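Take a look at the structure below.
The values are calculated or read from the model by the stated rules, or taken from the named source; none is laboratory data. What you see is a predicted model; the values in this text were computed from it and never measured. Counting neighbours? That spans all protein chains shown, and the Cβs are built from the backbone with ideal geometry, glycine included.
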Amino acid sequence: MTTPKSSSPGLRMALDYGPLLVFFAVNFLARMETIERVIVATLAFMIATVIALVVSKLKTGTISPMLLLTGVLVLIFGGLTAWFHDQRFIQMKPTFVYGIFAVALFFGLATGRPLLQQLLESAYPGLNAEGWRKLTRNFAIFFVGMALLNEAVWRTQSWDFWVGFKLWGAIPLTVLFSLANIPMLMRHGLTTGEPTPEELPPPQ
């Protein structure tokens, strides 16, 4: 069994955010028709995601479950987007990611399995069982809301608006939501300040 290696916060941020930044950069810089830009940006996103998975394995000795899940879905929905020349597939990908996270967290609550604690324990040291239960519930509800919001945006807005929403909407909302939970968590044993961005759920 491979023993996980310690990794710097900068490396974790690069692994989580790097592929998405590549996607934004290529989409912004490519001077093409919309569907061509979609394909090129999506292919770049897929390549960057594979690189992130490989680097994570080589540098840390492991691939986090959340990074692996998002990576697999990027390849599946990105491949469908490129094959059918249809941007809707990559736009639906976040909905599936948020939905899977929500179902997994609600399942954990129903069965008493601390799934979120296993994934994010280092981000919230000292948090007691009640705190983890409330945080899990809050994140599950948040992911449902984000899935619905993503569906509303991509179905009613243009490609460029949706890309902007990913950059200026989804990522800040995730960070702000995580920080908004801090007062509640401090009442349930949290021993440090705010979680750093690299310890939050990865962007979708």
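Evaluated against (1) assigned to a helix (DSSP H, G or I); (2) surrounded by 15 or more Cβ atoms within 10 Å (Cβ to Cβ), residue 155 falls short on exactly one condition, (2). Scanning segment 119-131 for residues that are touching a residue at least 24 places away in the same chain (Cβ under 8 Å) and in a helix (DSSP H, G or I) returns 119, 120, 122, 123, 130, 131.
In segment 50-69, the residues that are more than 15 Å from residue 10 (Cα to Cα) and without any contact (Cβ under 8 Å) to a residue 12 or more places away in the chain form Cβ pairs under 9 Å with partners that are exposed (fewer than 15 other Cβ atoms within 10 Å of the Cβ) and among the hydroxyl-bearing types (Ser, Thr, Tyr), at six or more places apart or across chains, as follows: 57/2. Among the residues of segment 147-204, those identified as of a type in the set (Gly, Ala, Ser), over 18 Å from residue 70 (Cβ atoms) and modelled with pLDDT of 90 or more are 152, 158, 164, 180. Filtering segment 86-118 to residues that are assigned to a loop (DSSP other than H, G, I, E, B) and modelled with pLDDT under 95 leaves 112, 113, 114. Here are the criteria: (1) crowded, with 19+ Cβ neighbours inside 10 Å; (2) of a type in the set (Gly, Ala, Ser); (3) closer than 18 Å to residue 165 by Cβ. Tell me which single one residue 108 does not satisfy. The single condition residue 108 does not satisfy is (3).
Looking at this structure, is residue 49 crowded, with 17+ Cβ neighbours inside 10 Å, touching a Ser or Thr at 6+ places or on another chain (Cβ under 6 Å) and at negative phi? For residue 49, the condition - crowded, with 17+ Cβ neighbours inside 10 Å, touching a Ser or Thr at 6+ places or on another chain (Cβ under 6 Å) and at negative phi - is not met.
Name the single residue, out of those in segment 4-41 being at pLDDT below 90 and exposed (fewer than 12 other Cβ atoms within 10 Å of the Cβ), that is farthest from the chain's Cα centre (by Cα). Per the stated criteria, the residue is 31. Looking across segment 136-168, the residues that are over 21 Å from residue 37 (Cα atoms) and either under 13 Å from the mean Cα position of the chain (by Cα) or β-branched (Val, Ile, Thr) (or both) come down to 136, 139, 141, 142, 143, 144, 146, 147.
Take residue 44 and decide whether it is at pLDDT 90 or above, within 20 Å of the chain's Cα centre (by Cα) and buried (at least 20 other Cβ atoms within 10 Å of the Cβ).
Working: at pLDDT 90 or above: yes; within 20 Å of the chain's Cα centre (by Cα): yes; buried (at least 20 other Cβ atoms within 10 Å of the Cβ): no.
Considered against the rule, which asks whether it is at pLDDT 90 or above, within 20 Å of the chain's Cα centre (by Cα) and buried (at least 20 other Cβ atoms within 10 Å of the Cβ), residue 44 comes out as no.
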